[in-house]
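Okay, so here's the structure we're looking at.
The values are calculated or read from the model by the stated rules, or taken from the named source; none is laboratory data. Nothing here was measured: the structure is a model prediction, and the numbers come from that model. FYI the Cβ positions are ideal-geometry reconstructions off the backbone, even for glycines, and counts take in every protein chain you see. Accessible surface is based on the protein model in full, side chains and every heavy atom, while ligands, DNA and RNA are left aside. Shrake-Rupley method; radii C 1.70, N 1.55, O 1.52, S 1.80 Å.
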Amino acid sequence: MTAEVNFDGLVGPTHNYAGLSLGNRASMGHAGMVSSPRRAARQGLAKMRLLTELGLAQGVLPPQRRPDPNILRRLGFGPDATPADVHRRSPQLVPAIMSASPMWAANAATVSPSADTADRRVHLTPANLSSTTHRSFESGQTGRILAAIFADQARFEVHDPLPGAAAFADEGAANHGRLTPSHGEPGLQVFVYGRDADEPVSPGGFPRRQTRLAGELISRSHGVAPNRVLFVRQADAAIDAGAFHNDVVSVVNEDVVLAHQSAFEDPGLLSAAIDGLPVRLVEVAADRVPLEDAISSYLFNSQLVTLPDGSMTLIAPAEVDETESTAAYLAEAVADPGNPIASVHSLDLRESMHNGGGPACLRLRVVLTDAERRALTGRVLLDEPLLAELERWVDAHYRDELTPNDLADPALAGESDRALDELTTILDLGDLYDL
Ligand code: SUG
């Protein structure tokens, strides 16, 4: 059977609040606060456990090494520089080289399942994340991690990221959805973009992190037929209100698009494009859920997933229960047999949420056939023994508290390296980090 596997980013040992993301209101608002790497990783693992308990295939992507010796070398510090060395010479770079941002796996890559591609292989392109300094450091290790897991070249191709120019700005699956009657069938890939390649990055408001050109190039290199790709422009008003990725205001699962009324620049274009297709567009009106509530609660950053019984459930952040409009909307949705959301599971993901990362940010969807799933390298598909082992590993290695000031602490990088070294053994992924 073909199934969607959600690969969640395991939160790394340097998780902190440095306020690095302009246009991401949670990141900007929590700058300098005390984080808990251990609690963050545990919250992420609890979400992964819930999905396995619901009978869904759940994968894990390991964190990245921080600092990354390749980045230190490229920045002229030399591969053996310590965060304290960087602090002495360019203190403003320390939070960026130490960020645990790869935890938001929705930004790791764009993925085309084999049902959509000309050569019937799964294609993955790491996102260049060129719009933010700290996230521009991710694509090298992302490529290496994906190449280690999706190593079987008869079934998978891991591409190079697009070059890092503003024209190619790419944030991966967070701006990409796939409409299909069921995961195993060919899909219509929906690329949502904030600007054309030649438009300014920040025309007065917050940065537009995704270009249309990036989606055009990636879908072509994946071998997706042009008539199976749809480009939809994200609403400027949504970006300026804090929806720095489209997955903050809409989510797609199989034949369902759940979107805020203000998500797209011209909602009529999306409706017209899918007119005649077996697609259900569930649009949530602004008078039921104001855009500000959608963004602060992260209602649309939920994971909409199909359960083994065929019904759809929403894996939502706990904030939707605490926001009056979203709680009321979900109660009505679940009671309404015409609404595809049949049930809701809300989770405490506050450590990630305070940096603007909800349930959907933490996962990369990869639709795989049984044979493709068997061809994965490493122990990356979760079951209870692996979850328990990862929890013990987190408890043994992660700090309880971290502030941005601790990032240059000489002990932190060593602790993280020891943790990652042990993790490669647990996940059976070989020498991923050159440790
Ligand atoms: O890119 N936050 C991430 C959050 C990513 C959410 N992903 C999706 N919507 N798919 C970002 O803005 C904040 C880091 C800090 O401020 O310390 C950060 O990178």
| note | Contour minus Cα-Cα span, Arg220 to Thr377, at 0.36 nm per residue, comes to 53.9 nm
| remark: If each K or R counts +1 and each D or E counts -1, the residues other than Leu179 whose Cβ falls under 14 Å of its Cβ total -2
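How high is the FRET efficiency from Val334 to Leu50, r the C-beta distance, R0 25 Å, rounded to 0.05? Before the final figure, lay out each step's value.
Details: r = 17 Å, r/R0 = 0.69.
Working from the Cβ atoms, E equals 0.90.
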| Ranked highest first by average number of other Cβ atoms within 10 Å, how do 37-44, 422-429 line up? | 37-44, 422-429
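Express the accessible area of the chain per residue in Å², computed with a 1.4 Å probe while the remaining protein chains stay in the model.
Numbers: 16050 Å² over 435 residues.
I get 37 Å² per residue for the chain.
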| request: Please find, in a Gaussian network model of the chain (springs between Cα atoms separated by less than 10 Å), the residue of Ile71, Ile315, Ile218 whose mean-square fluctuation is greatest. | output: Ile71
| said: Given a 1.4 angstrom probe, I'd like the percentage of the accessible area of the chain that is carbon and sulfur, rounded to a whole number. | reply: 50 percent
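Students sometimes get this wrong: rank Glu265, Glu254 by accessible area, probe 1.4 Å, all chains present, largest first. Before the final figure, lay out each step's value.
Details: Glu265 90, Glu254 25 Å².
Correct descending sequence by accessible area is Glu265, Glu254.
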| query | Given the options Arg209, Arg379, Arg392, which has the most mean-square fluctuation in a GNM of the chain, springs set between C-alpha atoms less than 10 angstrom apart? | reply | Arg392
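For the chain, what does -39500 (n - 2.57) per DSSP helix run (n ≥ 4), summed and divided by total residues, give at 222 nm, in deg cm²/dmol to the nearest 500? If you can, show how the numbers build up before the last one.
Values: 16 runs with 138 residues, N = 435.
Theoretical 222 nm ellipticity from helices: -9000 deg cm²/dmol.
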| task | Calculate how steeply helix 324-335 sits against the longest principal axis of the alpha-carbon atoms of the chain, using the helix alpha-carbon long axis, and give the answer as 0 to 90 degrees to the nearest 10. | result | 60 degrees
| note | For Glu322 and Ser182, extending 7 Å from Cα along the Cα-Cβ vector and measuring point to point gives, in nm, a value of 4.0 nm
| field | Paired Rg and Dmax values of region 2-427, which use every Cα atom, in angstrom | value | 20.1, 61
| query | region 190-205 to region 383-435: how many Å between their Cα centroids? | reply | 37 Å
| Hey, with R₀ at 30 Å, roughly what FRET efficiency would Asp428 and Asp198 work out to, going by the Cβ-Cβ distance, to 0.05? | 0.05
| task | Kindly sort Trp393, Trp104 by accessible area of their heavy atoms, largest first, with the probe set to 1.4 Å. | result | Trp104, Trp393
| field | Global form of region 121-254, assessed from the alpha-carbon gyration tensor, a/c cut-off 1.5 | value | oblate
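Taking the Cα centre of region 1-78 as the origin, how large is its charge dipole in debye, to the nearest 20, when only Lys and Arg (+1) and Asp and Glu (-1) carry charge on their Cβ atoms? Don't skip to the answer; put the middle values down first.
On the way: 10 positive and 4 negative charges, 68 e Å.
Value, rounded to 20: 320 debye.
If you take the Cα atoms of region 25-160, find Rg, then find the Kirkwood Rh from the mean of 1/r over all pairs, what is Rg/Rh?
1.02
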| request: Take every Cα-Cα distance within region 75-116, group them into 10 Å bins from 0 onward, and report for each bin the whole-number percent of pairs it holds. | output: 23, 33, 23, 12, 8, 0
| said: Given an 8 Å cut-off on Cα distances and at least 6 residues of separation, report the relative contact order of the chain as a percent. | reply: 24 percent
| Environment charge of Leu270, counting only residues whose C-beta is closer than 12 Å and scoring Lys/Arg +1, Asp/Glu -1 | -3
| query | What are the residues whose amide H is under 5 Å from the amide H of Ala18, where those residues sit 5 or more places off or on another chain and H is modelled from the backbone? | reply | Gly32
| Any idea of Arg288's accessible area? Nearest 10 Å², probe 1.4 Å. | 100 Å²
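Say R0 is 45 Å: what FRET efficiency, to the nearest 0.05, do Asp370 and Ala285 get from their beta-carbon distance? Intermediate values should be presented prior to the final figure.
On the way: r = 41 Å, r/R0 = 0.91.
About 0.65, to the nearest 0.05.
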| request: Sort region 330-435 into rounded, prolate or oblate with this rule: let a ≥ b ≥ c be the square roots of the eigenvalues of the Cα gyration tensor; rounded if a/c is under 1.5, and if a/c is not under 1.5, prolate when a/b is larger than b/c, oblate otherwise. | output: oblate
